[in-house]
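Enquirer: Got a structure for you, questions after.
Derivation of every value follows stated rules applied to the coordinates shown; laboratory data play no part. Computed from a predicted model, the values in this text were never measured in an experiment. Because the Cβ atoms are built from the backbone with ideal geometry, glycine has one as well, and the counts that use them run over all protein chains shown.
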Amino acid sequence: MEKFKLEPLKNNVEEMFIGPFGSSLKNECFVNKEDAFCMVYEQKHAIQKTMDVETRYINEEKYNELKRFNVRGGDIIVSCRGTIGETYLVPDDSPLGIMHPSIMKIRLKDRVYIKNYFNDLLYTRLKKYESEANGSGVKMAISAAKLGEELFPVPTIQQQKNIEQKLSSVRKLLRLRKEELLTLDQIIKARFVELFGNPIHNEKGWDTAAVETVCKEIFGGGTPSKSHPEYYENGDIPWVSSKDMKTDVLTESQIYINQKGIDNSTARMVPVNSVIMVIRSGILKHTLPVAINAVPITVNQDLKVFIPGESILTRFMAVQFKMQEADILSGVRAVTADNIEFNSLKQRAMIVPPIELQKEYVDFLEQVDKSKVAVQKALDETQLLFDSLMQEYFG
């Protein structure tokens, strides 16, 4: 990383502080949009990095009481509790608002930093707060005073522009790759509807059957007792938890168990011709056909296993679950017990078209998979490039 002059951050900010005391902004302070004077900026804006989230509002009286905590376009907000260190550069055209107690506002002085450059710099610096919080197991708040004392590099404006130009071009590639993957997913759903219609309304009149009827077996996962380290010694069987399933992709397992761990627990081997689903706190999270991975695994209690029978193909079942996901979620938002949601899924109706038509669709999926693999490889390579540039510029 090129050497730049260092200055305490506090020297180059107009304002930097955490939001008001929680008692200043209780739930009863929020009003309907039609009665609002301004919005409230919250952690979700920083975490999701968008203005397109559900918004809460306050009236003019509450704003005048808390106006010191105002947020405007060009400010940077930081998530400070629970999820630590996520940053968001508020777009210039964003409306006036006030801060929620769970965020920090940073308003930079003019002509010191390009805001996009500083946002990247700040994000990398704040990662250490996240690691400290995870290491202690305690949810920590970021201290504005402590952060203000830290030395931050101050490149020239031209140097910042050069860095951001390079990062921006790679970001654009990342965005395009992700959009390609979304487009392929949309093609998968569109082809399903073309062949089979909407599986919920079943306007094409296919035969239907409950999930438990079309499956040979359905079961939940289990966890070998951590009080028996011998269950994990020299383990070669992946033990998959919900953390290993991200957006319907099974990442490499971090924990392996041995046969003794299976024999002495409720953990079971999952055959490759099955569908696994994350259900945590009664809510379906992800669905994945294990056949994609072709590796026998065991799973924890957050994952449920569906083994299809002869009337339905694994990939067809997995996509059909995804097609019904919104409807499933709409009916279980108040459910907190996993077994209630699990039982409701067992009773859920599946359309069961002729097996030859299912095979035609699965053959189509396999062709799309080849495209997705190529795009995902390009995305991974681009992400590695971006990460290396961030390391080079920000250390």
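Enquirer: Pull up the DSSP beta bridges for segment 45-107 and report the antiparallel fraction as a percent, rounded to 5. List each step's numbers first, then the result.
Expert: Numbers: 9 of 9 bridges.
Here the share of antiparallel DSSP bridges comes out near 100 percent.
Enquirer: On a full-extension model of 0.36 nm per residue, what is the gain between residue 381 and residue 28, subtracting their alpha-carbon distance, rounded to one decimal in nm?
Expert: On the way: separation 353, 0.36 × 353 = 127.08 nm, distance 4.84 nm.
The span from residue 381 to residue 28 would gain 122.2 nm if fully extended.
Enquirer: Only sites in a loop by DSSP and with at most 16 other Cβ atoms within 10 Å count here; which chymotrypsin sites (Phe, Trp or Tyr not before Pro) in segment 1-39 make the cut?
Expert: Of the chymotrypsin sites (Phe, Trp or Tyr not before Pro), the ones in loops of segment 1-39 whose Cβ has at most 16 other Cβ atoms within 10 Å are 4, 21, 30, 37.
Enquirer: Under the rule of -39500 (n - 2.57) per DSSP H run of 4 or more residues, summed and divided by the residues of the chain, what mean residue ellipticity at 222 nm is obtained, to the nearest 500 deg cm²/dmol?
Expert: The per-residue figure over the chain is -13000 deg cm²/dmol.
Enquirer: Name the residue from 389, 116, 9 whose Cα lies farthest towards the positive end of the charge dipole of the chain, charges +1 on Cβ of Lys and Arg and -1 on Cβ of Asp and Glu.
Expert: The Cα lying farthest towards the positive end belongs to 9.
Enquirer: Does segment 161-237 come out rounded, prolate or oblate, given a ≥ b ≥ c as the square roots of the eigenvalues of its C-alpha gyration tensor, rounded meaning a/c under 1.5 and, failing that, prolate meaning a/b above b/c? Mind dumping the intermediate values first?
Expert: Values: a/c = 4.63, a/b = 1.09, b/c = 4.23.
Here segment 161-237 falls in the oblate category.
Enquirer: Neighbour counts of other C-beta atoms within 10 Å: give me 80, 38, 29, 215 arranged from fewest to most. Intermediate results must be reported in sequence, preceding the final value.
Expert: On the way: 80 26, 38 19, 29 16, 215 22.
Ascending Cβ contact count within 10 Å gives the list 29, 38, 215, 80.
Enquirer: Moving on. Using alpha carbon centroids, what distance separates segment 178-194 and segment 8-69, in Å?
Expert: 38
Enquirer: Please sort by residue number the GluC sites (Glu not before Pro) in segment 35-136 whose DSSP state is loop and whose Cβ has at most 16 other Cβ atoms within 10 Å. Walk me through the numbers before you get to the answer.
Expert: Values: sites: 42, 54, 60, 61, 65, 86, 130, 132; in loops: 42, 54, 86.
For GluC sites (Glu not before Pro) across segment 35-136 that sit outside H, G, I, E and B with at most 16 neighbouring Cβ atoms in 10 Å, the list reads 54.
Enquirer: What dipole magnitude, in Debye to the nearest 20, does the chain give about its Cα centre under +1 on Lys/Arg Cβ and -1 on Asp/Glu Cβ?
Expert: Numbers: 51 positive and 54 negative charges, 187 e Å.
So the magnitude is around 900 debye.
Enquirer: Can you give me the relative contact order of the chain as a percent, contacts being Cα pairs under 8 Å and 6 or more apart? Spell out each step's value before the answer.
Expert: Numbers: 650 pairs, mean separation 62.5, N = 395.
Relative contact order, the chain: 16 percent.
Enquirer: DSSP loop (so not H, G, I, E, B), at most 16 other Cβ within 10 Å: list which trypsin sites (Lys or Arg not before Pro) in segment 186-223 pass both filters. Can you show the working numbers first?
Expert: Numbers: sites: 189, 191, 204, 216; in loops: 204.
In loop regions of segment 186-223 (DSSP not H, G, I, E or B), the sparsely surrounded trypsin sites (Lys or Arg not before Pro) are 204.
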